[in-house]
Amino acid sequence: MVREETKAGSKFNHKNLAALQTTGHKLIMWTGNAEQAVPEQQYLGYSENLQKAFGSSFHRFFVIPGLHHCSGGEGAPTDHVMKLLEAAEDWVEKGKAPDSVQLSNEYRTFRVCAYPQRSMFKGGLDNPEKLAVRDARNWRCER
């Protein structure tokens, strides 16, 4: 985390990323919600600080379901690195910022949304249409 030490404690220092933003670069960050090393809330706080400092013009943050530190995890997507790299490539080369990314493993597909949105199942609790919960098409991004 980028921080600036002061007598009153630590505070967010966006100056280290300002050059990245002003030169047109793009930043995609992610963490797993089963991360063991750094709590998800620290990443969320950092992402919120980036949003306050820069808006969403160059930064997207994704929380990957079931993912441990960098890889692995019960039921976690197995293609997250490649799919997020492809999303970054589309953003840089085609100007299409990723609001969501579809990930998968051998059992299901996932719709992962850029923070502060989150993935919500279209079928609701009762699921009257009997939508398949393991199909990313049956999920949408909401705030």
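The values are calculated or read from the model by the stated rules, or taken from the named source; none is laboratory data. Since the model is a prediction, treat every value here as computed from it, not as a measurement. Every residue, glycine as well, gets a Cβ built from its backbone with ideal geometry; the counts of neighbours run over all protein chains shown.
Below, the figures for the structure above:
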{"quantity": "Filtered residues of the stretch 79-92 (kept if under 16 Å from GLY32 (Cα atoms), touching a residue at least 12 places away in the same chain (Cβ under 8 Å) and either small (Gly, Ala, Ser) or out of contact with any Ser or Thr (no Cβ under 7 Å at 6 or more places or on another chain) (or both))", "calculated": "HIS80, LYS83, LEU84"}
{"quantity": "Residue selected from the stretch 4-53 under the condition basic (Lys, Arg) and over 22 Å from TRP91 (Cα atoms), by the criterion modelled with the lowest pLDDT", "calculated": "LYS7"}
{"quantity": "Residue match in the stretch 93-101 (condition: of a type in the set (A, V, I, L, M), under 19 Å from THR31 (Cα atoms), without any contact (Cβ under 8 Å) to a residue 60 or more places away in the chain and touching a Pro at 6+ places or on another chain (Cβ under 7 Å))", "calculated": "no"}
{"quantity": "Positions within the stretch 117-133 being part of a loop (DSSP other than H, G, I, E, B), charged (D, E, K, R) and surrounded by 12 or more Cβ atoms within 10 Å (Cβ to Cβ), in sequence order", "calculated": "LYS122"}
{"quantity": "Residues being touching a Gly at 6+ places or on another chain (Cβ under 9 Å) and within 16 Å of ARG118 (Cβ to Cβ) - total across the stretch 36-78", "calculated": "7"}
